[in-house]
There are 2 protein chains.
Amino acid sequence: MSNPALEDPTYRTGVIELLGLLAAGEIGAWMRLAEDAAMAPDLRTTTEIGAMATSEFGHFAQLRDHLVALGEDPYARMEPFRSTFDAFHVKTRPSDWLEGLVKAFVFDGLAADFYREIAAFLDAETRELVLDTMSGTGSSEFVVDAVRGAIEADPRVGGRLALWGRRLMGEALSQAQMVVAERDDLSALLVGGVDSPGMDLAAIGRMFTRLTEAHAERMAKLGLAS
Amino acid sequence: MSNPALEDPTYRTGVIELLGLLAAGEIGAWMRLAEDAAMAPDLRTTTEIGAMATSEFGHFAQLRDHLVALGEDPYARMEPFRSTFDAFHVKTRPSDWLEGLVKAFVFDGLAADFYREIAAFLDAETRELVLDTMSGTGSSEFVVDAVRGAIEADPRVGGRLALWGRRLMGEALSQAQMVVAERDDLSALLVGGVDSPGMDLAAIGRMFTRLTEAHAERMAKLGLAS
């Protein structure tokens, strides 16, 4: 595969790190959703969660294949981000299937938003891959119905899940900050390098505002305060 | 969907039970493979197991969609077989990822053989679905390499995994017998009904011989005695 944009070694490193990050995130999401499926109260819920998990695995496979096509060892490129996602999942282990559903819904949405934001700073070929990969898991209607149904059956559930949503977002932002702090070439994709445009601090602030607003809208869709 | 063969109510019940059985088996395999993936020693193995799991989920989705197209509630049709597969998986819980790989390999092959055997007694449309669903998970080369590599590194592993393979086959046959004993319409698919041809006891015996022989060949491929 030849992509002239990747001839800039700093940019290439950033892209490879980004793909490794996304692939590690997708496989982590796959494993955790599969775990959550085991907590589901019935077969239908198990399989709806399974469909979300399977969709994440498909995303992972696309990213891995792209890394292979670029001549990279995908597993070596994912490895540095494994501990980030492990730490994130340990801190946000759902205590029941409803928390699992909210987590899947919140992060699927957040990931899609983040993919879209970062796509603006990528070359055409990488952008196409990233946008293609981010396509939703398609199970959001099921999640909305299940969460709203549970709140209707017991309104206290709404308060608990709203708190849970805030915790999820807080953990995600804190892990994201650590990745940005540790990975210069990856961060350079966002903030720009010598020859490439990027966001200044004000623009990064606006991006976080957009992500947070979209999160609040998703929580509202579930009937939850954010 | 109109399938004239299904106008015979006994045959229809048998087919619906068969599809429920297969769908429950596929979703059970999916969940257990996802669990096994968490035991993998590295990311590559995790994702190879993940690919097998994802393929099982795809099979499940095909069977479920077919049940829906026949006007059935797929989850209600799967429910009676849940305890069978749960019992099977509890009795064959792998103690490490290698046992998980052998289990996946053995049952994927056994399931494919069984699908092929039973396909001979189905109407054209149902047969096509069943044969289509059974398409392998495509990761067998990885399993063969991994198991043979582990035995090379420590020959004692071969003895342990050979025992494991025998136990798996024994449990599978014992669960299969219980299903046949409990489900008359499903069994009628194999042994035939008033108007439909089927196997006599001798033919069923020969089928079990074929399944056992194919199992032995698969074990040999892994470098294991059966």
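The values are calculated or read from the model by the stated rules, or taken from the named source; none is laboratory data. A quick note: this is a predicted structure, and the numbers were derived from the prediction, not measured. Note that we place each Cβ from the backbone using ideal geometry, even for glycine, and neighbour counts take in every protein chain shown.
The single condition among (1) free of Cβ contacts under 8 Å to residues at least 12 places away in the same chain; (2) more than 14 Å from chain B (Cβ to nearest Cβ); (3) in contact with a Pro (Cβ under 9 Å, 6 or more places away or on another chain) that A:Glu17 does not meet is (1). When you check A:Phe121 against the structure, is it more than 10 Å from every other protein chain (Cβ to nearest Cβ) and surrounded by 20 or more Cβ atoms within 10 Å (Cβ to Cβ), yes or no? Considered against the rule, which asks whether it is more than 10 Å from every other protein chain (Cβ to nearest Cβ) and surrounded by 20 or more Cβ atoms within 10 Å (Cβ to Cβ), A:Phe121 comes out as yes.
Kindly indicate whether any position in the range B:197-210 is in a helix (DSSP H, G or I), under 28 Å from B:Arg12 (Cβ atoms), among the basic types (Lys, Arg) and in contact (Cβ under 8 Å) with a residue 24 or more places away in the chain. Yes, there is a match, as at least one residue in the range B:197-210 is in a helix (DSSP H, G or I), under 28 Å from B:Arg12 (Cβ atoms), among the basic types (Lys, Arg) and in contact (Cβ under 8 Å) with a residue 24 or more places away in the chain. Criterion applied to B:Val157, B:Val90, B:Val144 was being without any contact (Cβ under 8 Å) to a residue 60 or more places away in the chain, surrounded by fewer than 18 Cβ atoms within 10 Å (Cβ to Cβ), in a helix (DSSP H, G or I) and of a type in the set (Val, Ile, Thr), and the one residue passing it is B:Val90. When A:Leu168, A:Leu224, A:Leu129, A:Leu186 are screened for being touching a residue at least 60 places away in the same chain (Cβ under 8 Å), outside any helix (DSSP H, G or I) and out of contact with any Pro (no Cβ under 7 Å at 6 or more places or on another chain), only A:Leu224 passes. The condition (being surrounded by fewer than 19 Cβ atoms within 10 Å (Cβ to Cβ) and either more than 10 Å from chain A (Cβ to nearest Cβ) or aromatic (Phe, Trp, Tyr) (or both)) is satisfied by just one residue among B:Asp42, B:Asp8: B:Asp8.
The set of residues in the range A:48-66 being within 9 Å of chain B (Cβ to nearest Cβ) and of a type in the set (Gly, Ala, Ser) consists of A:Gly50, A:Ala51, A:Ala53, A:Gly58, A:Ala61. For the range B:67-91, a tally of residues being at pLDDT 95 or above and away from chain A (no Cβ under 11 Å) returns 6.
Condition check ((1) over 18 Å from A:Thr133 (Cβ atoms); (2) in contact with a Lys or Arg (Cβ under 6 Å, 6 or more places away or on another chain); (3) in a loop (DSSP other than H, G, I, E, B)) across all residues:
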| residue | (1), (2), (3) |
| --- | --- |
| A:Arg12 | yes, no, no |
| A:Leu18 | no, no, no |
| A:Leu21 | no, no, no |
| A:Ala24 | no, yes, no |
| A:Ser55 | no, no, no |
| A:Ala61 | no, no, no |
| A:Asp65 | no, no, no |
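For the range A:124-141, does any single residue satisfy the condition of being surrounded by 15 or more Cβ atoms within 10 Å (Cβ to Cβ), farther than 14 Å from A:Leu224 by Cβ and either of a type in the set (Asp, Glu) or out of contact with any helix residue (DSSP H, G or I) (no Cβ under 8 Å at 6 or more places or on another chain) (or both)? Yes: one or more hits.
For the criterion of being surrounded by fewer than 20 Cβ atoms within 10 Å (Cβ to Cβ), out of contact with any Pro (no Cβ under 9 Å at 6 or more places or on another chain) and modelled with pLDDT of 95 or more, B:Ala112 fails. For the range A:95-109, the count of residues that are more than 10 Å from chain B (Cβ to nearest Cβ), under 29 Å from A:Arg166 (Cβ atoms) and not in a helix (DSSP H, G or I) is nonzero. If only residues of the range A:24-71 that are over 14 Å from the mean Cα position of the chain (by Cα) and of a type in the set (S, T, N, Q) are counted, the one that is nearest to B:Arg44 (Cα to Cα) is A:Gln62.
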